[in-house]
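The values are calculated or read from the model by the stated rules, or taken from the named source; none is laboratory data. Remember, it's a predicted structure, so these values are computed and weren't measured experimentally. Note: ideal-geometry Cβ built from the backbone for every residue, glycine included; neighbour counts use all protein chains shown.
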Amino acid sequence: MYTLFPRLAGSLSGGEQQMCAMARGLMTAPILLMIGEMSLGLAPVVVEQLMDELTTIRGEGVTILLVEQAVNLALSIADRGYVMETGHIIRSGLARDLVDDPEVRHAYLRL
């Protein structure tokens, strides 16, 4: 698409590119939206805005699969979480339980 519309590649900020990608995905009225590393390289204020939008989207009945290294952010809006290490799920459960899990807190949340 950037070959067809090269101006899009240079004129949109990282946050605007993420918003555009999410909007494209939502145009088909999905029941599942998969998002990978949404916060990568974005300013914290933009990440917060995107997380607010994900909460709104989820409230409209769309299931969201978010793969994210910003564990605090992901678990703050998630119902369930899965912790992967070297490609294997080592923990899973309700997001609030994972936040309270001492091993998860130590290894991933730095709390």
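Worth pointing out:
- Residues of the range 11-54 classified as among the β-branched types (V, I, T) and surrounded by 13 or more Cβ atoms within 10 Å (Cβ to Cβ), total: 3
- Filter pass, L109 being closer than 27 Å to Q18 by Cα, of a type outside the set (G, A, S), surrounded by 11 or more Cβ atoms within 10 Å (Cβ to Cβ) and outside the structural domain of M38 (by TED's automatic domain parsing): yes
- Of all residues making up the range 84-101, the number that are surrounded by 11 or more Cβ atoms within 10 Å (Cβ to Cβ) and at positive phi: 1
- Selection of the range 69-78 for residues being crowded, with 16+ Cβ neighbours inside 10 Å, under 19 Å from H106 (Cβ atoms) and not β-branched (V, I, T) yields A70, L73, A74, L75.
- Test set (1) touching a residue at least 24 places away in the same chain (Cβ under 8 Å); (2) hydrophobic (A, V, I, L, M, F, W, C); (3) assigned to a helix (DSSP H, G or I) - A23 fails condition number: (1)
- Taking strands (runs of 3 or more DSSP E) as the structural unit, no element lying wholly within the range 40-111 holds at least 2 residues that are free of Cβ contacts under 8 Å to residues at least 60 places away in the same chain and polar (S, T, N, Q).
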